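The structure appears right after this line, and notes come after that.
The values are calculated or read from the model by the stated rules, or taken from the named source; none is laboratory data. Only a predicted model underlies this, so the values are computations on that prediction, with no experimental measurement involved. No Cβ is skipped: glycine too gets one built from the backbone with ideal geometry, and neighbour counts run over all protein chains shown. Note: areas computed on protein heavy atoms with side chains; ligands, DNA, RNA excluded. Shrake-Rupley method; radii C 1.70, N 1.55, O 1.52, S 1.80 Å.
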Amino acid sequence: LFRSVLFGVLFMLDVVVRVVVLRCHFWKVMLNWLDFIVAALSVAAYVFQVLDMNPTFLRLLRLGKLGRGLRALHLSPIVQSLQLLLKCLSASVSILGWSLCVLFVIQCIAAIFLCNLLRTFLEDPEVNLQLRHEIFRYYGTFSQTMLTMFEVLLANWIPACRILVDNVSEWWSLAFICYRCFVGFAVLNVVNAVFVQSTMKVAQQDQDLMILQKQKEKKAYEDKLRRLFNSMDESGDGMLSSEEFFLMIKDPKMKAWMGDRKS
């Protein structure tokens with residue numbers, strides 16, 4: 001407990017010092033907001049623990065300590081893929097919103113169209129009542145039809161299609177096939193392509209990622225060069241003599257490697 005309180009106090013002092021020094025610039029960085037929230041939750045957890053508050057609420061406040069781990073992940077070079085993923089997700093929020101709007105409009109149009117076409121069948125007293133109840137579960141109201149259309153688009157579309165093809169008309173099979181080809185294939189693939197393009201754009205323009213990639217390439221080049229010279233150092237003294245050097249430049253591997261460097 002003492003170490004937890006000490007760490008919380010030090011973390012809070014760090015945040016206070018940065019707020020005093022940076023002032024308004026402190027609040028312009030999102031991770032600084034995370035630090036502030038974590039520090040505030042740590043203080044609140046300690047206060048509620050002293051006052052003997054509800055332990056369940058206290059445990060929820062302690063979840064704020066996970067924010068320190070998120071801060072450490074941001075600073076760690078080991079989780080570059082996670083950093084790229086989070087940046088791509090944040091950059092694709094607007095694209096996600098517009099994509100959902102387009103899909104929602106298409107689903108609304110399809111749901112209204114189906115509701116109007118099936119109303120006569122559902123209100124027909126000559127049709128078996130149990131059958132009408134079964135179709136009503138899928139297409140009885142606008143909300144039920146919307147749920148069915150999302151099932152058709154993203155889940156198992158066979159039951160929703162079969163119940164109309166087997167009991168209403170076989171022409172519904174053509175309607176569902178066209179809908180799946182247009183929305184399920186064309187529209188969703190375009191949305192996926194836009195997401196991929198947005199991801200690649202973020203990855204290409206991220207300065208930190210470019211620097212880390214260059215450092216990786218430089219280290220790989222140095223390791224390859226070191227292994228090559230070590231293989232040519234027959235004496236094992238860590239130096240290349242004139243004989244070893246001339247043998248090295250005549251080596252086919254060295255010629256191929258130098259040719260690759262020139263290209």
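Find out how many positive minus negative residues lie around Ile135, taking Lys and Arg as positive, Asp and Glu as negative, among other residues whose Cβ is under 12 Å from that of Ile135.
Spelling it out: positives minus negatives among the neighbours equals 0.
Would you mind telling me the share, in percent, of accessible area of the stretch 95-191 contributed by carbon and sulfur at probe 1.4 angstrom?
Solvent-exposed carbon and sulfur of the stretch 95-191 make up 68 percent of the total.
Quick one: what are the phi-derived ³J(HN,Hα) couplings along the stretch 169-179, Karplus 6.51/-1.76/1.60 with θ = phi - 60°, whole Hz, x for glycine and proline?
7, 6, 5, 5, 4, 5, 5, 5, 5, 4, 5
Taking the Cα-to-Cβ direction at Thr120 and at Lys219 and moving 7 Å from each Cα, how far apart do the two end points lie in nm?
7.1 nm
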